[in-house]
Amino acid sequence: MTLAPFRLVFLSTLLALGSTTPASAGVLIRWAGSTITVDQMPPGSSVALVGAARVEHAYHGVTHTFQGVAIDANEDGSATWDAGFPLPFKTVVVGVVVGSGEGAVATLGGFEAPVRKFPAGSYTEGHGEQLSTLTVPRPWALTLMVRPQVGAWAVGVQEGAAGSPDQGADGQAQVEWTGWTTLAGSTPLPGSLAAGDTVLALAPEWLEVWEGVIP
């Protein structure tokens with residue numbers, strides 16, 4: 001089954017630390033040091049965040065991933081979340097409003113992260129006791145699922161990981177329904193996908209995003 005396009009209302013590109021391009025609609029993500037700020041949020045809302053940061057060293061690079069939630073506790077349309085380490089130039093941050101499923105992808109100016117739709121056939125609808133399936137077109141990804149008005153969950157998936165039934169070698173990872181972290185909402189992970197769910201996969205080594213909405 002082909003997934004519908006993600007409701008990406010604004011692709012926010014950071015010009016420099018602490019400054020952004022203007023947005024006509026949707027959330028706007030920016031950061032300085034380790035602090036990620038989300039602006040233009042619906043007052044009182046929450047934005048689920050996943051990200052990857054590539055730290056370059058003299059002879060190699062190390063990619064770090066992170067996940068969290070920015071909560072607008074003051075109901076002023078803005079919230080912050082700390083990643084725990086200074087975010088380098090090659091950083092990708094994805095944010096999705098838990099209430100609506102709308103979101104944004106942010107990078108620094110001069111660095112672009114590809115945003116692609118999940119290929120046709122990535123999603124298989126579940127029936128009865130058979131759970132729905134989702135295939136990520138990379139062997140390693142940080143996957144985010146948002147069910148609007150319900151909650152947000154994240155999990156890392158890796159092809160060939162110990163204990164995983166996905167022991168193939170096709171360069172793709174199968175999303176499983178165990179090991180998820182609840183980012184927002186008190187409802188446990190539903191255990192399967194449903195119409196209207198926003199799903200994203202951030203591939204850290206490639207610094208690219210795959211996205212879609214379950215039809």
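Here are TRP206, TRP210: which of them is in a loop (DSSP other than H, G, I, E, B), at pLDDT 90 or above, of a type outside the set (Asp, Glu) and under 15 Å from the mean Cα position of the chain (by Cα)? Reasoning before the result, please.
On the way: TRP210 fails: in a loop (DSSP other than H, G, I, E, B).
It is TRP206.
Filter the stretch 18-53 for residues that are of a type in the set (S, T, N, Q) and modelled with pLDDT under 90 and give the result.
Selection gives SER19, THR20, THR21, SER24.
Under the condition of being open to solvent by less than 40 Å² (accessible area, probe 1.4 Å) and among the polar types (S, T, N, Q), which residue from the stretch 123-141 is modelled with the lowest pLDDT?
By that ranking, first place goes to SER132.
Can you pull out the residues in the stretch 84-105 that are open to solvent by less than 20 Å² (accessible area, probe 1.4 Å) and either within 10 Å of LEU49 (Cα to Cα) or under 16 Å from the mean Cα position of the chain (by Cα) (or both)?
THR91, VAL92, VAL93, VAL94, GLY95, VAL96, VAL97, VAL98, GLY101, GLY103, ALA104, VAL105
Give GLY110, GLY61 a once-over and let me know the one that is out of contact with any His (no Cβ under 8 Å at 6 or more places or on another chain) and on the phi > 0 side of the Ramachandran plot. Can you show your working first?
Numbers: GLY61 fails: on the phi > 0 side of the Ramachandran plot.
After applying the criteria, what remains is GLY110.
Report, ordered by the first and then the second residue, all pairs with beta carbons closer than 7 Å, sequence separation of six or more or different chains, a first member in the stretch 74-93 that is touching a residue at least 12 places away in the same chain (Cβ under 8 Å), and a second member that is open to solvent by 50 Å² or more (accessible area, probe 1.4 Å) and assigned to a loop (DSSP other than H, G, I, E, B).
From the stretch 74-93, the pairs are GLU75/PRO43; ASP76/PRO43; GLY77/GLN40; GLY77/PRO43.
Please work out which one of (1) within 27 Å of ALA195 (Cα to Cα); (2) more than 14 Å from the chain's Cα centre (by Cα); (3) open to solvent by 10 Å² or more (accessible area, probe 1.4 Å); (4) of a type outside the set (A, V, I, L, M, F, W, C) is the condition GLN67 fails and give its number.
(2)
Quick one: TYR59 ticks every box in (1) crowded, with 18+ Cβ neighbours inside 10 Å; (2) free of Cβ contacts under 8 Å to residues at least 24 places away in the same chain except a single one, so which number is it?
The one condition TYR59 does not meet is (1).
The values are calculated or read from the model by the stated rules, or taken from the named source; none is laboratory data. Nothing here was measured: the structure is a model prediction, and the numbers come from that model. All Cβ positions, glycine included, derive from the backbone under ideal geometry; neighbour counts span all protein chains shown. Calculation scope for accessible area: heavy atoms of the full protein, side chains included, ligands and nucleic acids excluded. Shrake-Rupley method; radii C 1.70, N 1.55, O 1.52, S 1.80 Å.
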